[in-house]
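Chemist: Here it is, the structure, as structure tokens.
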Number of protein chains: 4
Amino acid sequence: MLKVGLMGYGKAGQAVARVLADDPRYSLQWVMRRQPGGETSLPGHPGVPVAAMDKLDFDDWLHEHPVDAIVDFSSEDTVYSYGEALRSREIMLVTAISGYSPLHRHYLRGIAQDTRVLCSPNITLGINFLLLAARLLRGIAPFADVEIVEQHFREKPEVSGTARKLAESLDLDDDKVTSLRVGGIVGHHEVIFGFPHQTVRLIHDAIRREAFGTGAAYALQVLSSQPKGFYEFDELLLTAIREQLLK
Amino acid sequence: MLKVGLMGYGKAGQAVARVLADDPRYSLQWVMRRQPGGETSLPGHPGVPVAAMDKLDFDDWLHEHPVDAIVDFSSEDTVYSYGEALRSREIMLVTAISGYSPLHRHYLRGIAQDTRVLCSPNITLGINFLLLAARLLRGIAPFADVEIVEQHFREKPEVSGTARKLAESLDLDDDKVTSLRVGGIVGHHEVIFGFPHQTVRLIHDAIRREAFGTGAAYALQVLSSQPKGFYEFDELLLTAIREQLLK
Amino acid sequence: MLKVGLMGYGKAGQAVARVLADDPRYSLQWVMRRQPGGETSLPGHPGVPVAAMDKLDFDDWLHEHPVDAIVDFSSEDTVYSYGEALRSREIMLVTAISGYSPLHRHYLRGIAQDTRVLCSPNITLGINFLLLAARLLRGIAPFADVEIVEQHFREKPEVSGTARKLAESLDLDDDKVTSLRVGGIVGHHEVIFGFPHQTVRLIHDAIRREAFGTGAAYALQVLSSQPKGFYEFDELLLTAIREQLLK
Amino acid sequence: MLKVGLMGYGKAGQAVARVLADDPRYSLQWVMRRQPGGETSLPGHPGVPVAAMDKLDFDDWLHEHPVDAIVDFSSEDTVYSYGEALRSREIMLVTAISGYSPLHRHYLRGIAQDTRVLCSPNITLGINFLLLAARLLRGIAPFADVEIVEQHFREKPEVSGTARKLAESLDLDDDKVTSLRVGGIVGHHEVIFGFPHQTVRLIHDAIRREAFGTGAAYALQVLSSQPKGFYEFDELLLTAIREQLLK
């Protein structure tokens, strides 16, 4: 059973912690929050400590609380605190931070010379499948009109990163992305392929943040059978699909 | 059985002619096209002449081919050729021209002093219900976010008149209307009401132009029980709904 | 500001408590749970006590903690513990219990002789609007084919009560209701009206349980302007719509 | 430019004829109807004869009107009239008949020893993509709940063949297919993948029969670069996708 440590205890982090703690394939060893305060163990899981990462020596911590993989839902710079420790111990990394700069990514690629690193801004299985399926259809039907529509809660400030990635991956201009902000929609993405006499719609609806946890669990599983290196989620999915197609 | 004459024999006119000719409540007497040429009777209905309106004296024509109602799917100015004849004969008018100017509408309101006139740019039952239902929900939930999305075939040049009317009737700015042009979609209109914890979607899909015929047939039926005057489709629907609610 | 007491502190009750505590129109005075244990005040709202209803004398409690309205999300029999107290004090009641027997309803109608009582199994604004809008369209287009589709999480045992109520209210046989159980869908209801040349879809998506809270808050507001009596949610909505239509 | 002959001139056949006649990649040489009568050339395309296949010697006909490919939208037994002629001349065949018996298919496989034969009951690009995409997602997420919903016009007698093929190809029981018959819907297929915290929907909407023509045109193009043999549409699509994935 894979031992996992989780960085980040915000809304997404808490949801991921709940999913990983309940997944029989993994043993969640600890959760790391930024600042001290609040609960010291995961609610409902008294054996899983929630520790504060400030002032912590990460090397010592890993010595006492060893893991096979780290899942990161904290923030951009956290990776600098644990990166070196991964290299020497060959700990896998699944990170879902969306705001990495090119510098961060350069650093992550460095780590990936010594261990397996997966880095993806949207780590749900459904969205990554949508990405792939849309790319396949675009490839076989380049003549179809394509539109991307995303709908999110009123407060979401800008175009969803996922919609931007979809557009980029389909080689579409930004004006092919429509963003609607209505009420409390958790996350709706739709890719519409318009043919002269038929329409294909690929739709993803996020229900709740726990979807990130399921995605992280899936990523850990696929990543664990790969060689050292740097991966993105949709690439791993593609690998899985390639294997399936060659059967 | 109501005797009906149809002005207009373009794509919409032909579809409306087929529907009216098959509706047991009506007896389609004739169809009027702009220019001579082509078939002289409705395909499959040899008893229904298709005549050319140029050089025709409309008064004489009506004397020889009397009707109780005229349905107009031709173009803006046609109304001037038959308007006076309606007044003296109290012939009902259902007109679905979308491009009337204020001057045209003024003229139509004049006719409506002597007979029943229904004038609506979109005459399908479904769209007019959508208009009404959206207005009702907006009235009881003014705090909900509202977005209008319309999807049509690639060649459709501008924002759909229906979507504009929806926005106007809901007192929404134009930027709340999204127009997507994809493939060969006949006509898709969606009004999304976003609440913090729920979403309501009202959706209309046009399948084919015959929907205008069903709408005209419905309009004729409701109009025939109304007093003289000028009506719009959604108003008539509202009247029908009021009666239903007071039962 | 209306003083409100809430019966029930299960998953729905907790969500309703959060919404009512944050609504500036209301002042949530207390929450009542069945059994003692757990937190003694609403998280984030230390001034709102969470008390246990067992062994409590409800009349004494109301004397010390007076309210203008009670909202009930607990279980069927709770109403017997506070019913008489409502009558003498003319406290409004909004109850969203779905399992009331005819006996319970008889008792509630008795209370409604002395005060205002609203009783509805599904108290969200959206679902009740769907009910009404579907009924209106059915009334003006009785010839359209109608189908109801509901989709819920895998574990939901039987046909949704809302779908059954929709069918009943549209005078449809049970075989016109399709229930799909897939993954973790919170609650999706769709009424499809099929016309020969067009389709109308009325769709409701629940996002989270807090929708019950918004519905209860809306119900309290409309109920407070009504005379004594027994009401259902869709009736109140109809009243609001009638007033809107007569403007 | 590929010379094409079309068997069948029913509703589907006529739509396919229009599409092939307008496609610059192909030169439609002739159309074959079952019985004599009606127009003798394709409307709008005076150079394309419409001939009757009864009493015709097909070998003579092909000698005088040679083609590189035959597209068949007629009925099951027609294949016996032209099958041998294909073998000797290495004419490609794209047939979209849905009612072939095992005997017919055996005969077609025989022909495929000498030329390229594509045989598929649903020949639209969109539906075949849906088949493939659904199979891929099923492969990488076998734990997801899957439901198939198809909606068609009121008169369609039984479960759609496409829905049945989808279910079979996803290894789902028949009770996972819901068939709704409402109004005049041309053809709506939806595959729903339910995950605990997200939902993926793959949706295909047929707009009009010309979609078969676009599908046949696409099939001809892909088939022409394949070696001799027997193919199904989704297989060809899979080949195209494999090539794309290996790039």
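The values are calculated or read from the model by the stated rules, or taken from the named source; none is laboratory data. Quick caveat, the model's predicted, so the values are computed rather than measured. We place every Cβ from the backbone using ideal geometry, glycine too, and count neighbours over all the protein chains shown. Each accessible area value is taken on the protein alone, full model and side chains, heavy atoms only, with ligands, DNA and RNA left out. Shrake-Rupley method; radii C 1.70, N 1.55, O 1.52, S 1.80 Å.
Chemist: A drop of at least 50 square angstrom in accessible area, chain alone versus all protein chains together, probe 1.4 Å. Which residues of region A:141-157 meet that?
Modeler: Residues shielded by partner chains are A:Asp145, A:Glu147.
Chemist: Using the scaling law 2.2 N^0.38 Å as the reference, what is the normalised Cα Rg of region B:31-185? Could the numbers behind the result be given before it?
Modeler: Details: Rg = 19.3 Å, N = 155, 2.2 N^0.38 = 15.0 Å.
Against the compact-globule rule of thumb, the ratio is 1.29.
Chemist: Which distances, in nm and shortest first, link the D:Pro24 label point to the same label point in every other copy, taking 7 Å along Cα→Cβ?
Modeler: 5.2, 6.1, 6.3
Chemist: Express the relative contact order of region D:71-140 as a whole percentage, based on alpha carbon pairs under 8 Å and six or more residues apart in sequence. The partial results should precede the final answer.
Modeler: On the way: 66 pairs, mean separation 22.7, N = 70.
It rounds to 32 percent for region D:71-140.
Chemist: Can you give me the % of accessible surface on region C:128-230 that is carbon or sulfur? Probe 1.4 Å, all protein chains present, nothing else counted.
Modeler: Details: 1750 of 3620 Å².
Carbon and sulfur atoms account for 48 percent of the accessible area of region C:128-230.
Chemist: Among A:Ser120, A:Ser101, A:Ser27, whose mean-square fluctuation peaks in a Gaussian network model of chain A (Cα, cutoff 10 Å)?
Modeler: Result: A:Ser101 has the largest fluctuation of those listed.
Chemist: What are the distances, in nm and sorted shortest first, from the label point of A:Leu56 to the label points of the same position in each other copy, with each label point placed 7 Å from Cα along the Cα-to-Cβ direction?
Modeler: When each copy's label point is compared with this one, the spacings are 4.1, 7.9, 8.5 nm.
Chemist: ³J(HN,Hα) across region C:71-81 via Karplus (A = 6.51, B = -1.76, C = 1.60, θ = phi - 60°), whole Hz, x for Gly/Pro?
Modeler: 10, 10, 10, 8, 9, 3, 7, 3, 4, 5, 7
Chemist: For the pair D and C, how large is the buried accessible area, both sides, in square angstrom to the nearest 100, if the probe is 1.4 Å?
Modeler: For chain D against chain C, roughly 1500 Å² becomes buried.
Chemist: Can you give the Rg/Rh ratio of region B:148-202, where Rg is from the C-alpha atoms and Rh is the Kirkwood radius? Show your work: numbers first, answer last.
Modeler: Working: Rg = 11.9 Å, Rh = 11.8 Å.
Rg divided by Rh gives 1.01.
Chemist: Which far-off residues, 5 or more places away or on another chain, put their amide H under 5 Å from the one on A:Trp30, with H placed in the peptide plane?
Modeler: Distant-sequence amide H within range of A:Trp30: A:Leu6.
Chemist: Follow-up. In whole Hz, with x marking every Gly and Pro, tabulate ³J(HN,Hα) for region C:29-40 from phi via Karplus 6.51 cos²θ - 1.76 cosθ + 1.60, θ = phi - 60°.
Modeler: Whole-Hz 3J(HN,Hα) from phi for region C:29-40: 8, 6, 10, 10, 9, 5, 10, x, x, x, 5, 9.
Chemist: With the label 7 angstrom out along Cα to Cβ, how close does B:Pro142 come to the same site in each of the other copies, in nm, nearest first?
Modeler: Label-point separations across copies, in nm and ascending: 3.7, 5.4, 5.8.
Chemist: Separate question: Which lysines have a Cα lying under 29 Å from the Cα of A:Lys228, excluding residues fewer than 8 positions away in the same chain?
Modeler: The reachable lysines, counting only those whose Cα sits under 29 Å from A:Lys228, are A:Lys3, A:Lys165, A:Lys247, D:Lys247.
Chemist: Can you tell me the mean projection area, over all orientations, of the convex hull of region C:183-247's alpha carbons? Units nm², please.
Modeler: Numbers: hull surface 29.8 nm².
For region C:183-247, the mean projected area of the Cα convex hull comes to 7.4 nm².
Chemist: Okay, next question. Against the longest principal axis of chain A, how steep is helix A:210-223, in degrees 0 to 90 to the nearest 10, with axes from Cα atoms?
Modeler: 80 degrees
Chemist: Ok, one more. Using only the Cα atoms, work out Rg/Rh for region C:1-43, with Rh taken as the Kirkwood radius, to two decimals. All intermediate terms of the calculation are to be shown ahead of the outcome.
Modeler: Numbers: Rg = 10.1 Å, Rh = 10.7 Å.
Looking at region C:1-43, the ratio lands at 0.95.
Chemist: Can you give the relative contact order of region C:1-146 as a percent, counting alpha carbon pairs under 8 Å and 6+ residues apart? Let's see the in-between values first.
Modeler: Numbers: 214 pairs, mean separation 27.9, N = 146.
Normalised by residue count, the contact order of region C:1-146 is 19 percent.
Chemist: Ok, one more. Need one number: the % of Cα-Cα pairs in region B:105-206 sitting beyond the 21 Å mark.
Modeler: Details: 2105 of 5151 pairs.
Beyond 21 Å sits 41 percent of the P(r) for region B:105-206.
Chemist: For C:Ala52, what residues show an amide H to amide H distance below 5 Å, using hydrogens built from the backbone and excluding near sequence neighbours?
Modeler: So C:Ala52 has HN proximity to C:Arg33.
Chemist: If you take every residue apart from A:Lys156 with its C-beta less than 11 Å away from the C-beta of A:Lys156, what net charge results, scoring Lys and Arg +1 and Asp and Glu -1?
Modeler: On the way: positive: A:Arg154, A:Arg181; negative: A:Glu150, A:Glu155, A:Glu158.
Counting the neighbours of A:Lys156, the net charge comes to -1.
Chemist: Kindly provide the helix-only [θ] at 222 nm of chain C, computed as the sum of -39,500 (n - 2.57) over DSSP H runs of four or more divided by all residues, to the nearest 500 deg cm²/dmol? Walk me through the intermediate numbers first.
Modeler: Details: 8 runs with 93 residues, N = 247.
Only helices count here, giving -11500 deg cm²/dmol.
Chemist: When the Debye formula is applied to the Cα atoms of the protein assembly as shown, each taken as the same point scatterer, what base-10 log of I(q)/I(0) results at q = 0.05, 0.06, 0.10 Å⁻¹?
Modeler: Results for the protein assembly as shown at q = 0.05, 0.06, 0.10 Å⁻¹ read -0.39, -0.55, -1.30.
Chemist: Still on this structure, please answer the following. Closest beta-carbon to the D-to-C rotation axis: which chain D residue owns it, and what is the separation in whole Å?
Modeler: In residue-and-Å form, the answer is D:Thr178, 3.
Chemist: Using the alpha-carbon atoms, what tilt in degrees (0 to 90, nearest 10) does helix D:233-246 show relative to the longest principal axis of chain D?
Modeler: 70 degrees
Chemist: Which order do A:Tyr107, D:Tyr100 take when ranked by solvent-accessible area (1.4 Å probe, heavy atoms of all protein chains), largest first?
Modeler: On the way: A:Tyr107 45, D:Tyr100 25 Å².
Result of the area sort, largest leading: A:Tyr107, D:Tyr100.
Chemist: Need one number for region C:1-90: average projected area of the convex hull over its C-alpha atoms, nm².
Modeler: Numbers: hull surface 22.2 nm².
Across all orientations, region C:1-90 yields a mean hull projection of 5.6 nm².
Chemist: Related question: Rolling a 1.4 Å sphere over the protein heavy atoms, what is the accessible area per residue of region A:106-226, to the nearest Å²?
Modeler: Numbers: 4070 Å² over 121 residues.
Computed with neighbouring chains in place, this is 34 Å² per residue.
Chemist: Further question: Could you order the peptides A:160-169, B:42-51 from most to least packed, using the average number of other C-beta atoms within 10 Å per residue? Could you put the intermediate results ahead of the total?
Modeler: Numbers: A:160-169: 18.7, B:42-51: 14.9.
For the peptides A:160-169, B:42-51, the packing ranking is A:160-169, B:42-51.
Chemist: Got the relative contact order for chain A handy, in percent, Cα pairs under 8 Å and 6 or more residues apart? It would help to have the intermediate numbers written out before the result.
Modeler: Values: 442 pairs, mean separation 49.6, N = 247.
For chain A, the relative contact order is 20 percent.
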